[in-house]
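Everything below concerns the one structure shown next.
The values are calculated or read from the model by the stated rules, or taken from the named source; none is laboratory data. All values derive from a computational prediction rather than experimental measurement. No Cβ is skipped: glycine too gets one built from the backbone with ideal geometry, and neighbour counts run over all protein chains shown.
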Amino acid sequence: MPLITVLPHQEYCPQGVKVEAERGTSICEALLEHGIPIEHACEMSCACTTCHVIVRKGFDSLGEADESEEDLLDRAWGLEPSSRLSCQAILDGEDVTIEIPKYSINHAKEG
């Protein structure tokens, strides 16, 4: 099973965390299943950028981003060449290291 290393994020996981996930699972699903409440305003339907992550290691092991994801990423805060929408980044067999950006396009969150 691939291992996701999440770098420290002051709100979601201040100490950082490592979680195992099934191959074929999206990064977003895996984080949510392990109690990391990453934003996902569109309920993982590839319609927003709130689940944006930066893949620091293992980027090439994820399936390629399609055109709709690429278009949405253009609006993401802190976009980098290794940015992905975590709801669309499907794990293969390799471990990945991700960073959750400090901000998202949501200026106010519900709940």
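Considering the conditions (1) surrounded by fewer than 14 Cβ atoms within 10 Å (Cβ to Cβ); (2) part of a loop (DSSP other than H, G, I, E, B); (3) at pLDDT 95 or above, LYS18 is excluded by exactly one of them, (2). Among the conditions (1) at pLDDT 95 or above; (2) out of contact with any Gly (no Cβ under 8 Å at 6 or more places or on another chain), the only one that ALA89 does not satisfy is (2). Remark: pairs (first residue in the range 7-22, at negative phi; second residue among the charged types (D, E, K, R) and surrounded by 11 or more Cβ atoms within 10 Å (Cβ to Cβ); Cβ separation under 6 Å; 6+ apart in sequence or on different chains) = LEU7/GLU99. Considering the range 25-58, the residues that are more than 20 Å from TYR103 (Cβ to Cβ) and in a strand (DSSP E or B) include one that is farthest from the chain's Cα centre (by Cα), namely LYS57. Taking the criterion of being charged (D, E, K, R) and more than 20 Å from THR49 (Cβ to Cβ), the residues of the range 9-30 that qualify are LYS18, GLU20, GLU22, ARG23. On the stretch given as the range 1-15, residues that are outside any loop (DSSP other than H, G, I, E, B) and within 13 Å of ILE100 (Cα to Cα) total 5. When GLY78 is tested against the conditions (1) at positive phi; (2) modelled with pLDDT of 95 or more, the lone failure is (2). If only residues of the range 62-94 that are under 16 Å from MET1 (Cα atoms) and more than 14 Å from the chain's Cα centre (by Cα) are counted, the one that is surrounded by the fewest Cβ atoms within 10 Å (Cβ to Cβ) is GLY93.
Reported count of residues in the range 49-75, each being at pLDDT below 90 and in contact with a Cys (Cβ under 6 Å, 6 or more places away or on another chain), is 0. Taken as a whole, the condition of being among the small types (Gly, Ala, Ser), over 17 Å from PRO2 (Cα atoms) and free of Cβ contacts under 8 Å to residues at least 12 places away in the same chain applies to GLY35.
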